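Trainee: Just passing along the structure, written as structure tokens.
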Amino acid sequence: MSNQYERPSVTVDTLVYTVMNEESLNYRKLPKKVFKVLLIKRKQEPYKDFWAIPGGFVDIDEDLEAAAKRELNEETNISDIYMEQLYTYGQVNRDPRTRVISCCYMSLVDSSNLMVEARDDAKEARWFEIRYKLIEEKKTITDTGYIKTKTYQLKLQDINALIDVIIEVDKRNTTIKRKIRESNNIAFDHALAISYGIERLRNKIEYTDIAFSLMPEQFTLTDLQQVYEVILDRELLKANFRRKVVDMVIETNAYTRDKGHRPSKLYRYNPNWIDNNIEKRN
């Protein structure tokens, strides 16, 4: 029996975010932390030589998450990382080849444990520093309510490339729409996914333990605070931060031994912090 329905193609894309230490020439100064996202340079058209989120087409007999993990490994050599669904992008003309619906995944990783390598149809694979700022906000009253428009600038930079994007987010009553107003050197609508992923991370880091996926087994509270600050893009008061995370960490008997710095107490993640908080409330 012939199939009377047209079939759109389905792709998967995976946003991989991390926080890295930026090298410092002054060994007495603590290294600055930078927030980054992994991008690949495309080998093929469309958008040949443009930067993109790792991803590709889903096989007919393949689950979505399995496809996302396969494509990520084939293009960047990354495997065995936790990922969660972020959003599904389905604008009709988002891909010049055909009608494509993309399921986007997101992951926050400790990049020091990864060996990134461009493979398959990726010409290069690199970590780009993220700068994401609200640059304008306005509210317009309409006959049926209002439109609140936020304009963001997204800058993605590595040593050899700069991607600059202006994104508008319109909230009309209960509906939110995102659009790219200006962009360069980035494929498809991937800038929208990157910006939405940043906003999701900034929200999740406030009430979950997601930041600890970036930390080694033992860490200082200063390092942990810097991770929060670089993702949230704002400074935090030391006393308030330590009260916030007190139940999420366990003090060890170990100290740092970094040359040029005073020893600092080391901590580790407390996997029982959620249960402990529930018991306190009860």
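Trainee: Going residue by residue through region 71-90, is there one that turns out to be in contact (Cβ under 8 Å) with a residue 60 or more places away in the chain, touching a His at 6+ places or on another chain (Cβ under 9 Å) and under 28 Å from R234 (Cβ atoms)?
Mentor: There is no residue in region 71-90 that is in contact (Cβ under 8 Å) with a residue 60 or more places away in the chain, touching a His at 6+ places or on another chain (Cβ under 9 Å) and under 28 Å from R234 (Cβ atoms).
Trainee: Out of the residues in region 57-68 that are in contact (Cβ under 8 Å) with a residue 12 or more places away in the chain and surrounded by fewer than 20 Cβ atoms within 10 Å (Cβ to Cβ), state the one that is nearest to V10 (Cα to Cα). Don't jump to the end; show me each part of the working.
Mentor: First, the residues of region 57-68 that are in contact (Cβ under 8 Å) with a residue 12 or more places away in the chain: 57-58, 64-65, 67-68.
Imposing the further condition that a residue be surrounded by fewer than 20 Cβ atoms within 10 Å (Cβ to Cβ) reduces the set to 57, 64-65.
Details: F57: 6, L64: 9, E65: 12 Å.
Only one residue fits best here, namely F57.
Trainee: Give the residue that is surrounded by the fewest Cβ atoms within 10 Å (Cβ to Cβ), with candidates limited to residues of region 212-265 that are touching a residue at least 12 places away in the same chain (Cβ under 8 Å) and among the small types (G, A, S).
Mentor: Within region 212-265, the match that is surrounded by the fewest Cβ atoms within 10 Å (Cβ to Cβ) is G260.
To keep it simple, each residue is scored yes or no on (1) touching a strand residue (DSSP E or B) at 6+ places or on another chain (Cβ under 7 Å); (2) under 21 Å from L162 (Cα atoms).
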position: V10; (1), (2): yes, no
position: Q44; (1), (2): no, yes
position: N77; (1), (2): no, no
position: Y87; (1), (2): yes, no
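Trainee: Only residues in region 120-148 that are at positive phi count as the first member; pair them with residues that are surrounded by 11 or more Cβ atoms within 10 Å (Cβ to Cβ), Cβ under 6 angstrom, at least 6 apart or cross-chain, and list the lot.
Mentor: D120/E74; D120/E75; G145/N173
Trainee: May I pose another question? Only residues that are more than 17 Å from I53 (Cβ to Cβ) and surrounded by fewer than 15 Cβ atoms within 10 Å (Cβ to Cβ): list them for region 172-193, please.
Mentor: First, the residues of region 172-193 that are more than 17 Å from I53 (Cβ to Cβ): 172-177, 179, 181-182.
Hits for region 172-193 are N173, T174, T175, I176, K177, K179, R181, E182.
Trainee: Can you tell which of N184, N203 is free of Cβ contacts under 8 Å to residues at least 40 places away in the same chain and assigned to a helix (DSSP H, G or I)?
Mentor: Exactly one of N184, N203 is free of Cβ contacts under 8 Å to residues at least 40 places away in the same chain and assigned to a helix (DSSP H, G or I), namely N203.
Trainee: Still on this structure: Which of (1) surrounded by fewer than 16 Cβ atoms within 10 Å (Cβ to Cβ); (2) under 13 Å from the mean Cα position of the chain (by Cα); (3) of a type in the set (G, A, S) does S107 not meet, given it meets every other one?
Mentor: (1)
Trainee: Still on this structure, I have one more. Kindly evaluate I198 against the criterion of being in contact with a helix residue (DSSP H, G or I) (Cβ under 7 Å, 6 or more places away or on another chain), touching a residue at least 60 places away in the same chain (Cβ under 8 Å) and not polar (S, T, N, Q). Can you show your working first?
Mentor: On the way: in contact with a helix residue (DSSP H, G or I) (Cβ under 7 Å, 6 or more places away or on another chain): no; touching a residue at least 60 places away in the same chain (Cβ under 8 Å): yes; not polar (S, T, N, Q): yes.
Here the answer is no, as I198 does not meet what is asked.
Read the figures in this text as sums done on the coordinates, not as results from a lab. Here the structure is a predicted model, which is why all the values come from computation and not from measurement. Don't worry about glycine lacking a Cβ; one is built from the backbone with ideal geometry, like all the others, and counts go over all protein chains shown.
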